[in-house]
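*Asks:* First, the structure itself, so that you have it in front of you.
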Amino acid sequence: MIPFTLRQLEYFVAAAQQGGTAQAARALNVSQPSISQAISTLESHWQVTLFHRIHAQGLQLTIEGQQRYQLASTLLHQAQALSEHNDTIAGELHIGCLSTLGPLYLPGLLQRFKRQHPQVRVHFLEGDNESLLAHVERNTLQMALLYDTGIFNQVQLHPVAEQRPYVLVAENHPLAQRESIFLEEIASEPLLLINLPRSRDYLLSLYRHAGISPTIYAESSSVEMIRSMVANEMGLAVLVTRPAGQQSYDGKNLIYLEIADAVPPQRIVMASPMHLPFNRAAAAFLANTQDYFSQLGLAT
């Protein structure tokens, strides 16, 4: 007889993901003592300590806890897949999305998926590449929509789209009448640079690829801040995310210039845990994402 239940495993996994019993109880809408009792029962059955209890910091998995967390996560995913084995895809899906991609693509993706699979409840988290990858590696997210920065270890990558970088200038900039431009022509122009982890490295690599060094004037982690600074003639920017509208937040016009250099495109990928198979909801969301970008003409 198996000496534990799926519910106890669910409570244990939630406590590990949320970093505490109170947080897990709120996430699952159950009482905190229920979470604590499940953890105590599992520790008693397995004869191990699953968590370090650290004052003011919550719970941290022990080595034994990390091993059992991975196994429990896999078992819960398999159990969910078994419960979904019918014509209707249902359940919950936890996804992440890069903050610069989210406003442009995620609402359309979510609405499209909701129409196709109304029984799936999707929870999403925005962040930068590194924070989202950490969540995927810990199995706290089933997948995350990211830029492929070429530095991935414990995740699987599923290509969904490619985007070419471009140059952004103000409406009154001397180059605004051009349709395309070589990076060498803007080497001395003040550059307004996105400084999100990995994104910054990719953008600077475009200059290195062209054999030039940029003149960095200012940096920001916000695409909209960069766009507004460009619109106010503080410099130009090289970006990948390309909003449909060509106005900044303060209503000034912007001009998009194609890069004439043979620069490598930026791949958009869906990252998922390395050794954890997709359940039906996750597989359906990936297929929906690939089809969505294909219809936008951005598929790889």
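*Asks:* List, please: which pairs have Cβ atoms under 6 Å, are six or more places apart or on different chains, and start with a residue in region 19-41 that is closer than 17 Å to T62 by Cβ and end with one that is surrounded by fewer than 16 Cβ atoms within 10 Å (Cβ to Cβ)?
*Replies:* Pairs that qualify, where the first residue is closer than 17 Å to T62 by Cβ and the partner is surrounded by fewer than 16 Cβ atoms within 10 Å (Cβ to Cβ), are T21/Q32.
*Asks:* For the condition in contact with a Cys (Cβ under 8 Å, 6 or more places away or on another chain), in contact (Cβ under 8 Å) with a residue 12 or more places away in the chain and surrounded by fewer than 20 Cβ atoms within 10 Å (Cβ to Cβ), what is the one hit in L104, L125, L110, L157?
*Replies:* L125
*Asks:* Taking region 100-120 on its own, how many of its residues are over 22 Å from L239 (Cα atoms) and aromatic (F, W, Y)?
*Replies:* 1
*Asks:* Tally the residues that are in a helix (DSSP H, G or I) and among the polar types (S, T, N, Q), restricting the search to region 200-231.
*Replies:* Of the residues in region 200-231, 2 are in a helix (DSSP H, G or I) and among the polar types (S, T, N, Q).
*Asks:* So, in region 232-241, of the ones that are of a type outside the set (S, T, Y) and part of a loop (DSSP other than H, G, I, E, B), which residue ends up farthest from A260 (Cα to Cα)?
*Replies:* Only one residue fits best here, namely N232.
*Asks:* Need a quick list: strands (runs of 3 or more DSSP E) entirely within region 119-194 having at least 3 residues that are farther than 30 Å from Q246 by Cα.
*Replies:* Hits in region 119-194: 120-127, 155-163.
*Asks:* Scanning for something in contact with a helix residue (DSSP H, G or I) (Cβ under 8 Å, 6 or more places away or on another chain) and under 13 Å from Y69 (Cβ atoms), does region 27-37 turn up at least one residue?
*Replies:* no
*Asks:* L196: in contact with a helix residue (DSSP H, G or I) (Cβ under 9 Å, 6 or more places away or on another chain), assigned by TED's automatic domain parsing to the domain that holds Q142 and at pLDDT below 90, yes or no?
*Replies:* Considered against the rule, which asks whether it is in contact with a helix residue (DSSP H, G or I) (Cβ under 9 Å, 6 or more places away or on another chain), assigned by TED's automatic domain parsing to the domain that holds Q142 and at pLDDT below 90, L196 comes out as no.
*Asks:* Ok, one more. Can you tell which of T88, T62, T41 is of a type in the set (V, I, T) and at pLDDT below 90?
*Replies:* Of the residues listed, the single one that is of a type in the set (V, I, T) and at pLDDT below 90 is T88.
*Asks:* Could you please find all residues in region 1-18 being touching a residue at least 12 places away in the same chain (Cβ under 8 Å), under 24 Å from V136 (Cα atoms) and not charged (D, E, K, R)?
*Replies:* L6, Q8, L9, Y11, F12, V13, A14, A15, A16, Q17
*Asks:* Could you tell me whether any residue of region 242-255 is part of a helix (DSSP H, G or I), within 30 Å of L93 (Cα to Cα) and among the aliphatic types (A, V, I, L, M)?
*Replies:* no
The values are calculated or read from the model by the stated rules, or taken from the named source; none is laboratory data. All of these numbers come straight from a predicted model, not from anything done at the bench. Counting neighbours? That spans all protein chains shown, and the Cβs are built from the backbone with ideal geometry, glycine included.
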